[in-house]
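Remarks on the structure that follows.
The values are calculated or read from the model by the stated rules, or taken from the named source; none is laboratory data. If you're wondering where the values come from, they're calculated on a predicted model, not measured in any experiment. Every residue, glycine as well, gets a Cβ built from its backbone with ideal geometry; the counts of neighbours run over all protein chains shown.
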Amino acid sequence: MAGRPEERGLTLVELVAIVGFVGIIAAILFPLFTRNGVISDHRSPCLSGLKQISLALIMYSTDSDDVLPPASTWADRTMPYSKNADIYKCPDLKLATKQFGHAYNRGLENKTTASFAYPTNVPATFDATDLSWNANGPLSLLPQPGRHPDGRNTIAFLDAHAKPMTRMELFHRMSGPQP
């Protein structure tokens, strides 16, 4: 006895056809979404790591009378606050065990966070060409072109936000206060 049409299930052939059709549509649309940034890219772990490092810098300074760490030992001093050495490594590098990829802005050494009128404009840590632990220096250490696939670098600011930026975008941001 045949069932009513609304009770009939899908045959194996129909199911395979539907799955194949959905797969073809996904294969066509996936590259469009990744190019437009709809799907997360490689920068996410790097941004997350730099944001966590920036938060560790703020926690360190809070415990040190608002004074930021010395440049030569910044990673050593913030590590107890982050408790995760992996965040100091840029995931877009093909890293050897002793390479990290992020540096501390040497201009912040031993300064108070309150001394900066616009902490949203002050780069604290950034992608760097110096791959050592405790890497520090000026912003000239930024890789050129940027390290990530879109030619940008990740930068974490003194207010603990992180953002992918080109050199030009960064220097434009630093040139004036944010509204």
Going through (1) of a type outside the set (D, E, K, R); (2) at pLDDT 90 or above; (3) surrounded by fewer than 16 Cβ atoms within 10 Å (Cβ to Cβ); (4) closer than 19 Å to Phe171 by Cβ one by one, Ala124 fails only at (3)
So, first residue assigned by TED's automatic domain parsing to the domain that holds His102 in the stretch 156-170, second residue at pLDDT 85 or above and charged (D, E, K, R), Cβ within less than 6 Å, six or more apart or across chains; the pairs are Ala156/Lys51; Ala162/Lys51; Pro164/Arg152; Met165/Arg152; Thr166/Arg152
inquiry  = Take Thr166 and tell me if it is in contact with a Pro (Cβ under 9 Å, 6 or more places away or on another chain), closer than 25 Å to Asp63 by Cβ and at pLDDT below 90.
reply    = no
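Listed here are the residues, each with its yes/no results for (1) modelled with pLDDT under 80; (2) part of a helix (DSSP H, G or I).
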site: Met1; (1), (2): yes, no
site: Leu15; (1), (2): yes, yes
site: Asp76; (1), (2): no, yes
site: Asp86; (1), (2): no, yes
